[in-house]
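Q: Here you go, one structure.
The values are calculated or read from the model by the stated rules, or taken from the named source; none is laboratory data. Keep in mind the model is a prediction, meaning the values are calculated, not measured. Ideal geometry is used to build each Cβ from the backbone, glycine not excepted, and the neighbour counts take in all protein chains shown.
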Amino acid sequence: MMIKPGVQAHYDRLISRHPQIEKLPILDAFLLLKKVYDDGGKVLICGNGGSAADAEHIVGELMKGFLLPRQVEDPKLSHIQGLQGALPAIALTGHTALSTAFANDVNPALIFAQQVYGYGRTGDALICISTSGNAENVILAAKTARALGIQVIGMTGVTGGRLAKICDVLLYVPENETVYIQELHLPLYHCLCAMLEEEFFGM
C-alpha cells in the first residue's frame, strides 16, 4: 500500500531521531489503525501506572487537533464554533467508578477486559501498553479483544513478555528498564498519532 508523503515524513523523522527502533513494525501498526478508522471503528487503549498516563495521552492526541487544526466543515454543526475532527479513541484507564466497582465486586484483573467487552466491536483495535508485557489485566484485555475479533497492538519492552504471543502487531522497544522503555514509547505513539492525523486530516 502506498503511504502518503506527509505520513512517510513523520515516520522518517521518528527514525532519524530514534534509529534504535527502525526495525519495529511501526508502519504495520499505522496501517492496522488506518483500516480501523477507514471502516468506522474506534481504538481502545489500556495500561497501568505510567502506561495508563500514556493511554490517556494517546486519546488526547487522537480526539482533537494534534499538529493540524482539523476544522469541522459539517453544515449541521455550523452554529457550534471550535469543534475539531476526531479519531474515536477511549482510554480504559479513566472510568474510576466502573473500575473500582468491578475490582471490588468481581475481579480486579478484569477491569480492562470488562470494558473491552462492553465497548469493543469487531473491527476495532486495542492498544495494550505494558513495559514488561506481563501485566495480568492487560493480558486479559488482549485475550478478550482477540476473542471478539478486535485486533491488538502491543507496546512493550524488548522481550514482549506474554503479550507478544497475543498481539497482531508488537512494538517492542529495545530497552529492559521501565523508565527507558517509556522514554521510547512516547515518541513512538506520538508518531503514530501524527501519521493518522496526516492521513485523515492532511492535505
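Q: Identify, from the list Y189, Y172, the residue that is in contact with a helix residue (DSSP H, G or I) (Cβ under 6 Å, 6 or more places away or on another chain) and surrounded by 19 or more Cβ atoms within 10 Å (Cβ to Cβ).
A: Y189
Q: When residues of region 188-203 are filtered for being within 16 Å of the chain's Cα centre (by Cα), of a type in the set (A, V, I, L, M) and either over 11 Å from L33 (Cα atoms) or modelled with pLDDT under 95 (or both), how many remain?
A: Residues meeting the conditions: 2.
Q: I would also like to ask the following. Anything in region 53-97 that is out of contact with any Leu (no Cβ under 9 Å at 6 or more places or on another chain) and small (G, A, S)? List them, or say none.
A: Passing the criteria: A53, G60, G65, S78, G82, G94, A97.
Q: Moving on. Could you list, in sequence order, all residues of region 34-69 that are over 17 Å from L186 (Cβ atoms) and in a helix (DSSP H, G or I)?
A: Within region 34-69, K34, K35, V36, Y37, D38 meet the criteria.
Q: Identify, from the list G65, G133, G157, the residue that is closer than 30 Å to H18 by Cα, in contact with a Pro (Cβ under 9 Å, 6 or more places away or on another chain), at pLDDT 95 or above and not aliphatic (A, V, I, L, M).
A: Answer to the selection: G157.
Q: Filter region 10-30 for residues that are assigned to a helix (DSSP H, G or I) and without any contact (Cβ under 8 Å) to a residue 40 or more places away in the chain; which is nearest to the chain's Cα centre (by Cα)?
A: Per the stated criteria, the residue is L27.
Q: Quick check, is S51 over 26 Å from I181 (Cα atoms) and either at pLDDT below 95 or in contact with a strand residue (DSSP E or B) (Cβ under 8 Å, 6 or more places away or on another chain) (or both)?
A: no
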